[in-house]
Amino acid sequence: MKQDCPMYEDLSEILITEEQIKNTVKNLGARITRDYQGKNPLLICILKGSSVFFTDLIREIDMPLDIDFMAISSYGPNTVSGEVRLVKDLDCSIEGRNVLIVEDIVDSGKTLAYLKRILNNRGAASIRIISLLDKPSCRTVPLAVDYIGFEIPNAFVVGYGLDFNEKYRNLPVIGVLDEKMYK
Ligand code: 5GP
């Protein structure tokens, strides 16, 4: 995408460039390849936000793996960190599987804590979490994230799968959405 695409005008700052994303995703893929040797992991994409990260990540993992998809929706006082509910469940069983949940961003931790609660009693051999972004200062629910791409400050970010009102998912960078867009 060209830098003169109008979507860039809605950002107050580019936080993470395409090149930084590429390098980090490559490194994460290499770590997973090492850690899951011989384990035929099942990677779960949490729709829709992690779709872009997910499709890049799986192509950096050099071994056989399976994929599946889940969708969660947030509701409540604010849509970023309200209560969550399951919109689409997995198609496959996770019994005996080494599961890796692939998320775009961890904010309060509520979404992933909820997901782990759902999956924990389905007999998986292991369940780990990978998130491209983490806002550690926003955590309200204790949650261990096993692999993190970037720690970021408390700002509302878009791009590389992350949206605002379904827009900006196709931005190749991660940027802070200018306040003028929602105030
Ligand atoms: P949590 O449940 O950890 O508070 O929130 C996780 C979900 O909130 C993410 O999957 C994402 O959908 C949304 N979210 C949290 N922070 C941001 C942000 O800065 N930008 C966008 N676009 N979504 C966010």
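The values are calculated or read from the model by the stated rules, or taken from the named source; none is laboratory data. Quick caveat: nothing in here was measured; it's all calculated off a predicted structure. Here the Cβ positions follow ideal geometry from the backbone for every residue, glycine too, while neighbour counts run over all protein chains shown. Ligands, DNA and RNA are stripped out before the accessible areas are found, and what is left, the full protein with its side chains, is counted by its heavy atoms. Shrake-Rupley method; radii C 1.70, N 1.55, O 1.52, S 1.80 Å.
Computed about its Cα centre, the charge dipole of the chain is approximately 520 debye, with only Lys, Arg, Asp and Glu carrying charge at their Cβ.
Asp178 sits among other residues whose Cβ lies under 14 Å from its own Cβ, and their net charge, with Lys and Arg +1 and Asp and Glu -1, is -1. Summarised as an ellipsoid, segment 1-54 has semi-axes of 30, 14, 8 Å, derived from the eigenvalues of the Cα gyration tensor scaled by 5 and square-rooted, with the largest first.
Estimated at the nearest 10 Å², the accessible area of Asp66 is 60 Å² with a 1.4 Å probe.
Estimated at 0.36 nm per residue, the fully extended path between Glu166 and Ile67 surpasses their Cα-Cα distance by 33.3 nm. When Val87, Val25 are compared by accessible area at a 1.4 angstrom probe, the order from most to least is Val87, Val25.
For the residues Lys110, Lys167, Lys135, a GNM of the chain with alpha-carbon springs under 10 Å puts the largest fluctuation on Lys167. Taking Cα centre as origin and charging only the Cβ of basic (Lys, Arg, +1) and acidic (Asp, Glu, -1) residues, the dipole magnitude of segment 1-65 rounds to 460 debye.
With all projection directions averaged, the alpha carbon convex hull of the chain covers 10.3 nm². Summary of the geometry: segment 119-183 and segment 1-47, compared by the centres of their Cα atoms, lie 11 Å apart. Of the listed residues Met70, Met63, the order by accessible area with a 1.4 Å probe, largest first, is Met63, Met70. Note on Glu151 and Tyr8: with the Förster distance fixed at 41 Å, the Cβ-Cβ geometry gives a FRET efficiency of about 0.95. Taking each of Lys48/Lys167; Lys88/Lys116; Lys48/Lys88; Lys48/Lys180 in turn, the alpha-carbon distance tops 18 angstrom for Lys48/Lys180. Of the residues Gly38, Leu90, Val25, the one whose Cα sits farthest towards the positive end of the charge dipole of segment 1-93 is Gly38 (charges of +1 on Lys and Arg Cβ, -1 on Asp and Glu Cβ, taken about the Cα centre).
Within straight-line reach of Lys22, meaning a Cα separation under 19 Å, sit the following lysines at least 8 residues removed in sequence or on another chain: Lys2.
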